[in-house]
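Reading through the structure tokens given below for one structure.
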Amino acid sequence: MPSSSSRKRLASVVAGALTVSSLLISGLVAAQPAAAADPAGFQNVRINEVTSSNNDTVELYNAGSASVGISGWKMSDDSFSPQSFTPSSTTIAAGGFVTFNSPKGLGDADKLVIYTADGTVVDRVDWASGKAKPAMARCGGDGSGAWVTTTTAATFGSANASGCPASIPAASKVRINEVTSDGADTVELYNGGTSAVSLSSWKYVDNDTTHSAVTVSSSSPSATSIPAGGRVTFNSTIGLGGNDSVFLLDGSGNTVDSVTWAANGATPSDERCADGTGWFQTAATATFGSANSCSGSGGGGGGQTGQLLGGGGSLTSGCTPEAPSGTGSTPSGTQAWPGGLDVTIADDVCAFTTSTGTEGRDVSGLAFDPSNPSVLWAAKNKNWLYKLVKSNGKWIPDSSWSATGKQIRFSNGSGQPDSEGLTVGANGHIYVTSERDNANNTVPKDTIMEFDPAATGSTLTPVHQWDMTAQFPQLNTGSKDDANLGFEGVGYVPDSWLTASGWVDPLTGSAYNPANYPLHGSGLFFAGLEWDGSLHVYGLNSDGTFTTFGTIATGKASVMDVTYDAGTQRIIATCDNTCGETHTLMKVNASGAIVPDVTYTNPAVMPVDNLEGFAVAPTSTCVSGFREAVWSDDGIYGFGSGTSSYGHALYSGTFPC
């Protein structure tokens, strides 16, 4: 991690303007045709008002912090299959409303279901005779309030408050208060009213439209009534999973309440904060039968703007987070994160303390193992390598490899490589970059080292080591800060992509022909230079020599990690807060050059820290069009002292396939 002064100087470097507002992410469109019509953020869209008279109008509300495109979305009622509708706008602004008229009409007693273009259920509402006249609206908060029949004219296109009754009926004060999808699939109801409510004929259903509603009283444990100010819990008999919902219906079939969560939500639970009235967030611990702990953070289900789950635990002795330094501006034209808005803390607190870094920070490079996507490799700056596996939603060291990580050395068996970036080669070996020897930290040592993960012992030495230090004399000034601005990330890029994409070999001026370089293996290595944000391309030969293929501009002031993603068919150059927490996807253009395509920022819920590592899982892991993305915080600072993220290095979210 560079010093504050170095980061500030880096942030002021003019690396070339990158305007991407007019660019299409063609790789994503090709791989996931529904992405444009079914963007991340659909779970922030809720049915907000509906009438079965006056042209059968429906209003949708976006509770998120970013606009959501709804082109291709459909609707159905209780008798017809999903039909296209014509909204007043194909985009719903953050905090905005869109209306449309039902293409098939809505009955006096009916059901309305909204679907994305690929058929994912967004939201639904059920009503009994006369309840949608003049309209049914969410009262007590657009997008999240209780469903109530309005007493005045409908308020389509604006906030519902003016159309809501002065007092909400007792039954509507029963709210879903907590839910988990961890196997027990428990639901807690809370009665915020002043009188008991009978639940004997109430039902619930999930977002699978083939499921019939099930009575609450038939579930285990049975629940037949709920006292004023009280709670009841029951276990769903229809199962609850990731990307799911619970809809609560009263004895007449009216929707009373609902909650929707993303793939990584509802574990350990999603809860309202405060009880019965607040927004849903994911909890650090489940609290069924008692007041919600509200120990998680960020928004959760029910149409929220994203959630950052608390990891829990207190800081251990010697774990000292480091505040971020060198925060710079976001490049012009940067687009919003294309994946899910929810982000999870994905490691144990202070999980990476070592004998050379008891502070527990400096986790930098990340890379999924392409042959085994259940494995995530991580590099810690002070010469440590970790093999991580998933356990209860967290990435933890694989105890069968090393529960405390393995220390790495230079090829002479000594030194402390300032290990920053890593990637997995075609041979399954781990390639790690180093900026300098931490035992002599004023002198640059920009190297790429190849390690065999099958090697035994607690210390690893390279199978091969390639030293490129002489190529960067600007780093050799006698300053430890300048020496720390070298190879920050590295990505292995297969020859098959370079040839299929038409990359022109800068050494020959013609189409790249791997056969011209018989010792390099089956791909090239793209090393990211923190100094100026450039990528340096190498063929790493089996005899210890290397071929330099030149430099590629990313349009960024700095690069912290580099990865090749087969799903998008792009090279991703990542920058931390120095460049506004951004990821630039690089493509081969019509002239055969590798150039920036589009730049995305991180999900808005994440902290603005020195997030130096980034990895996306292979497409083989995709579920409902998304896969995991992981970030590492080099300073384990999170949102600062006293927050649930303080002392954690890893964050997990989703990215389109």
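Laboratory data are not the source of any read-out in this text; all were calculated from the coordinates shown. Bear in mind that the values here come from a model prediction, so they are computed numbers and not experimental data. Note that we place each Cβ from the backbone using ideal geometry, even for glycine, and neighbour counts take in every protein chain shown.
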Under a plain spin-label model, where a point goes 7 Å from the Cα along Cα-to-Cβ, how far apart in nm are THR404 and SER195? 6.6
Given labels modelled 7 Å from the Cα in the Cβ direction, how far is it in nm from SER212 to THR442? 8.1
Along the three principal axes, how long is the stretch 509-590 when you take its alpha carbons, biggest first, rounded to the nearest angstrom? 40, 28, 23
Where the Cα atoms of the stretch 530-577 are projected onto their three principal axes, how long is each span, largest first, in whole Å? 38, 29, 14
Per q in 0.12 1/Å, what log10 I(q)/I(0) does a Debye calculation on the alpha-carbon atoms of the stretch 526-657 return? -0.52
How many nm is it between the label spots at THR619 and ALA291, if each spot is 7 Å from the Cα in line with the beta carbon? 5.1
Thinking of the stretch 607-657 as a set of Cα atoms, what percent of all their pairs are more than 18 Å apart? 38
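Given the Cα-Cα distance of SER162 and VAL463 and 0.36 nm per residue of separation, how much length would full extension add, in nm?
Working: separation 301, 0.36 × 301 = 108.36 nm, distance 7.16 nm.
Using 0.36 nm per residue and subtracting the Cα-Cα distance, I get 101.2 nm.
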Mark the label point 7 Å from the Cα of SER252 along Cα→Cβ and return the residues of the stretch 170-188 whose backbone N is within less than 20 Å of it. 170-176
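Based on the alpha-carbon gyration tensor of the stretch 400-543 and its eigenvalue square roots a ≥ b ≥ c, which shape applies: rounded if a/c is under 1.5, prolate if not and a/b is larger than b/c, or oblate? If you can, show how the numbers build up before the last one.
On the way: a/c = 2.24, a/b = 1.25, b/c = 1.79.
The shape class here is oblate.
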Please report the spacing between the Cα centers of the stretch 530-606 and the stretch 116-152 in Å, no decimals. 46
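Measure up LYS74/LYS131; LYS173/LYS203; LYS380/LYS406 against 18 Å on the Cα-Cα distance and list the ones that go over.
Numbers: LYS74/LYS131 23 Å; LYS173/LYS203 16 Å; LYS380/LYS406 10 Å.
Flagged as over cut-off: LYS74/LYS131.
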Any idea what diffusion coefficient the chain gets from Stokes-Einstein, in µm²/s, Kirkwood Rh on alpha carbon pairs, 20 °C, 1.002 mPa s? 82
What is the magnitude of the charge dipole of the chain about its Cα centre, with +1 placed on the Cβ of each Lys and Arg, -1 on the Cβ of each Asp and Glu, and no other charges, expressed in debye to the nearest 20? 640
Report the normalised scattering of the stretch 582-634 as log10 I(q)/I(0) at q = 0.14, 0.17, 0.27 Å⁻¹, calculated by the Debye formula with identical scatterers on the alpha carbons. -0.53, -0.74, -1.08
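For the stretch 179-282, what class follows from the C-alpha gyration tensor (a ≥ b ≥ c being the square roots of its eigenvalues): rounded when a/c is under 1.5, otherwise prolate if a/b is larger than b/c, else oblate?
Numbers: a/c = 1.68, a/b = 1.20, b/c = 1.40.
Oblate, because a/c is 1.5 or more while a/b does not exceed b/c.
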Taking a ≥ b ≥ c as the square roots of the Cα gyration tensor eigenvalues, with a/c under 1.5 meaning rounded and otherwise prolate when a/b beats b/c, else oblate, which class fits the stretch 309-440? rounded
